[in-house]
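Working notes for the structure below.
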Amino acid sequence: MNALLLSLAAASLLFIATHIFLAHPPVRKRITGATGEIGFLPLYSLISGGALAWMIWSYINAPIVDVWYPITAFRHASLTLMLFACFLLVCGYTTPNPGAFGMEKRGMRSGPRGVLKITRHPVMWGVAFWALSHVLANGHVAGYLFFGTFAVLAIGGAAHIDHKKRDRLGEAWETFMAETSHVPLGALLAGRTRMAPGEIKWWQTGLSIVLYVGLIVAHEPVFGLVVWPL
């Protein structure tokens, strides 16, 4: 395998390991015991940021080794997934969620509503859909390694959040999990919850569309690739 592809693979593994290993409660507790919470966050950001920068550099410079050519249907699927990704990201960041850092009390107090009835991890699934859409649109090894890393980390990271929150919040999180689902639409299809009219705000939908169109328009000038028209 090409040296730059090996570099990308190594950087991707480090990026995943950083998030899994350093965020593991026993490891984090030991580090914060020595550095304090204030010292842990800069250390975590430095290591994960360095791994991400290494990934980006390797991906930009890696050769195009095609596995298959993405057919038009896959490109349509890619654009569709990106619309859902934008919706989940916008709604996820604008809805109080006890699974998000710093929102435990506010999110528990308001209970699952809006996008949380679709999935209790909207931001994670937004990242996963973004990554999977780019896996579909790119048929080369570097694309699989780079975007596949984000998909694996987002979906696995959501499950890891459930584990940590269950340990920290106990019965309160168990109740929250019973009313929601990890996999999008799981709780709604199972009848464990119902979406009331108006729970998804009109401005959340509007902002999602603006973000989606903006990304399509900016894709060529920023990344040099035309995604529309196909």
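Under 8 Å for C-alpha pairs, at least 6 residues apart: give me the relative contact order for the range 40-180, rounded to a whole percent. Don't jump to the answer; show the numbers that get you there.
Values: 147 pairs, mean separation 40.4, N = 141.
Answer for the range 40-180 is 29 percent.
Using equal-weight Cα scatterers in the Debye expression, the normalised intensity of the chain in log10 at q = 0.09, 0.10 Å⁻¹ is -0.44, -0.54.
If you build a Gaussian network model of the chain, linking Cα atoms that sit under 10 Å apart, which residue out of Pro112, Pro96, Pro197 swings the most? So, out of Pro112, Pro96, Pro197, the one fluctuating most is Pro197. Result for the chain in a Gaussian network model with C-alpha springs under 10 Å: among Ala137, Ala218, Ala100, the largest mean-square fluctuation is at Ala218.
Number of Lys-Lys pairs in the chain with C-alpha atoms under 24 Å apart and a separation of 8 or more places or on different chains: 10. Taking label points 7 Å from Cα along the Cα-to-Cβ direction, Ala23 and Asp167 give a separation of 1.3 nm. Over all orientations, the range 161-230 has a Cα convex hull whose mean projected area works out to 7.9 square nanometres.
Under a 5 Å amide H cut-off, with hydrogens placed 1.01 Å from N, His140 pairs with Val67 among residues at least 5 apart or on other chains.
Each residue of the range 120-130 is assigned a 3J(HN,Hα), and the resulting list reads 7, 10, x, 5, 4, 6, x, 5, 4, 5, 4 Hz, derived from the Karplus form 6.51 cos²θ - 1.76 cosθ + 1.60 (θ = phi - 60°), x at Gly and Pro. Using a Gaussian network model of the chain in which every pair of alpha carbons under 10 angstrom is joined by a spring, one finds that among Phe21, Phe74, Phe147 the greatest mean-square fluctuation is at Phe21.
Every number in this text was worked out from the coordinates using simple rules, so none of it is lab data. In this text, all values refer to a predicted model and were calculated from it rather than measured experimentally. A quick note on method: Cβ atoms are made from the backbone with ideal geometry, for glycine too, and the neighbour counts reach across all protein chains shown.
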